[in-house]
């Protein structure tokens, strides 16, 4: 039987995934304690980090709370929406492309 050896040449180009920022927005109804709870529970921030970000949201109207791949950012936004709805708060999370 003849032996066949074949060399396949192809370039495998890996690209970094597009990243997305998740932002929390200030409102007049969501309690500061609840925002801290969300930051610690969903975004895994420490108590001091969560309090600092919460104050930034309160003072500036919004803050970036994390940068993730599309799927993870989308999941985090949905988790915030569900937890806010369960607790009857209008807390808004959005995502945008990270430039």
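The values are calculated or read from the model by the stated rules, or taken from the named source; none is laboratory data. Remember, predicted model here, so these are calculated numbers, not experimental data. Because the Cβ atoms are built from the backbone with ideal geometry, glycine has one as well, and the counts that use them run over all protein chains shown.
When you go through 1, 19 one by one, which is the residue that is modelled with pLDDT of 85 or more and either surrounded by fewer than 10 Cβ atoms within 10 Å (Cβ to Cβ) or in contact with a strand residue (DSSP E or B) (Cβ under 6 Å, 6 or more places away or on another chain) (or both)? Outline the logic, then answer.
Working: 1 fails: modelled with pLDDT of 85 or more.
On inspection, the qualifying residue turns out to be 19.
Just need a number here: residues in the stretch 28-52 that are surrounded by 15 or more Cβ atoms within 10 Å (Cβ to Cβ) and touching a residue at least 24 places away in the same chain (Cβ under 8 Å).
Residues that pass the stated criteria total 7.
Confirm whether residue 73 is surrounded by 14 or more Cβ atoms within 10 Å (Cβ to Cβ) and closer than 18 Å to residue 37 by Cβ. First the steps, then the outcome.
On the way: surrounded by 14 or more Cβ atoms within 10 Å (Cβ to Cβ): yes; closer than 18 Å to residue 37 by Cβ: no.
When the stated conditions are applied, residue 73 does not pass them.
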